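Chemist: Structure below; questions to follow.
The values are calculated or read from the model by the stated rules, or taken from the named source; none is laboratory data. If you're wondering where the values come from, they're calculated on a predicted model, not measured in any experiment. Here the Cβ positions follow ideal geometry from the backbone for every residue, glycine too, while neighbour counts run over all protein chains shown.
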Amino acid sequence: MKRNVRTLLALVLVVLNLTVPTYLVAGTISPEGRCTRDINNYGNPSVCECPGGYDYDKRDGQCHDRKVPSIAMDQKTTPFYCTKDINAHGHASICVCASGYVYSEVTGRCNFTPL
């Protein structure tokens with residue numbers, strides 16, 4: 001039940017063109033410690049402190065649980081959830097992507113979008 005609610009919430013956020021919160025991505029939390037004030041090529045601080053058991057990823061600016069396998073870059077470009085319709089480009093019209101990625105209706109892939 002909880003998973004269905006999260007899936008529905010994620011799809012609603014996509015329809016409303018809002019960012020998918022990191023708590024919908026398993027094993028990912030926002031940094032709670034100190035961060036450097038610089039901004040790297042990905043639009044995030046280069047270094048942040050994370051709680052015990054988590055490692056900071058400078059690409060998405062989030063802390064990832066060491067026990068949860070990290071999502072490979074190829075998997076990050078693959079949408080999580082999509083509507084069942086097919087658009088003029090042969091892909092779903094709406095999909096949910098990993099944090100920091102935006103769905104392209106043309107390619108059917110999630111593209112990284114630095115801030």
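Chemist: Any residue at all in the stretch 74-87 that is modelled with pLDDT of 85 or more, on the phi > 0 side of the Ramachandran plot and part of a loop (DSSP other than H, G, I, E, B)?
Modeler: No.
Chemist: Further question: Name every residue in the stretch 1-56 that is at pLDDT below 50, among the β-branched types (Val, Ile, Thr) and touching a Leu at 6+ places or on another chain (Cβ under 9 Å), in order of residue number.
Modeler: Answer for the stretch 1-56, where residues must be at pLDDT below 50, among the β-branched types (Val, Ile, Thr) and touching a Leu at 6+ places or on another chain (Cβ under 9 Å): THR19, VAL20.
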